[in-house]
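A quick write-up on the structure given underneath.
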Amino acid sequence: MIKYLVIFEKTPTGYCAYLPDMAGVVASGGTKEIAEKNIYEAITFHLEGLKDENLPYPKSHSESELMCLAI
C-alpha cells in the first residue's frame, strides 16, 4: 500500500485537490465529496499510466500537521 498526501482547498466554486508528490495530478468538484472522487480517479489513472510504461511510482515525501495557535 502506498500513501500520498492529498491537499483540498476551498474555492469560490467548490473544491480543488492536488498531491504535492505528483506534479500535475489535480482535480476539482462542486463539493468536497466530488473532488475526493475525482482526485482518486486522477491518481489511479496516473499510476496506471506509470505502470503501463514500466516507470516507478513517485515516492511520498510530504507530511502534514494541524497546528493550533492560541492568539
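None of the figures in this text is laboratory data; all of them are computed from the coordinates on show. Only a predicted model underlies this, so the values are computations on that prediction, with no experimental measurement involved. Ideal geometry is used to build each Cβ from the backbone, glycine not excepted, and the neighbour counts take in all protein chains shown.
With a cut-off of 9 Å between beta carbons, the residues surrounding G29 carry a summed charge of 0, where Lys and Arg count +1 and Asp and Glu -1.
Considering only lysines 8 or more places apart in sequence, or on different chains, count the pairs in the stretch 9-60 whose C-alpha atoms sit under 24 Å apart.
On the way: K10/K32; K10/K37; K37/K51; K37/K59; K51/K59.
Eligible lysine pairs with Cα atoms under 24 Å apart amount to 5.
Couplings 3J(HN,Hα) for the stretch 58-71, derived from phi with the Karplus relation 6.51 cos²θ - 1.76 cosθ + 1.60 (θ = phi - 60°), are x, 7, 8, 10, 7, 9, 9, 7, 8, 10, 9, 10, 8, 10 Hz, where x marks Gly and Pro.
Excluding T44 itself, calculate the net charge of residues whose Cβ lies under 14 Å from the Cβ of T44, where each Lys or Arg counts +1 and each Asp or Glu counts -1. Could you put the intermediate results ahead of the total?
Numbers: positive: K37, K51; negative: E36, E41, E48, D52.
Overall, the nearby charge balance is -2.
Ordering V6, V26 from the fewest to the most neighbouring beta carbons within 10 Å gives V26, V6.
Charge tally for Y57 (other residues, Cβ to Cβ under 10 Å; Lys, Arg +1; Asp, Glu -1): +1. For the options E33, E41, E53, a Gaussian network treatment of the chain with springs between C-alpha atoms closer than 10 Å singles out E53 as fluctuating the most. Note that the stretch 17-33 has calculated 3J(HN,Hα) couplings of 9, 7, 10, x, 8, 9, 4, x, 8, 9, 7, 8, x, x, 10, 5, 4 Hz, one per residue in order, obtained from phi through the Karplus relation 6.51 cos²θ - 1.76 cosθ + 1.60 (θ = phi - 60°); glycine and proline are x.
Beyond 20 Å, what share of the Cα-Cα pairs of the chain is found? Please give it as a whole percent.
Working: 932 of 2485 pairs.
Everything past 20 Å amounts to 38 percent.
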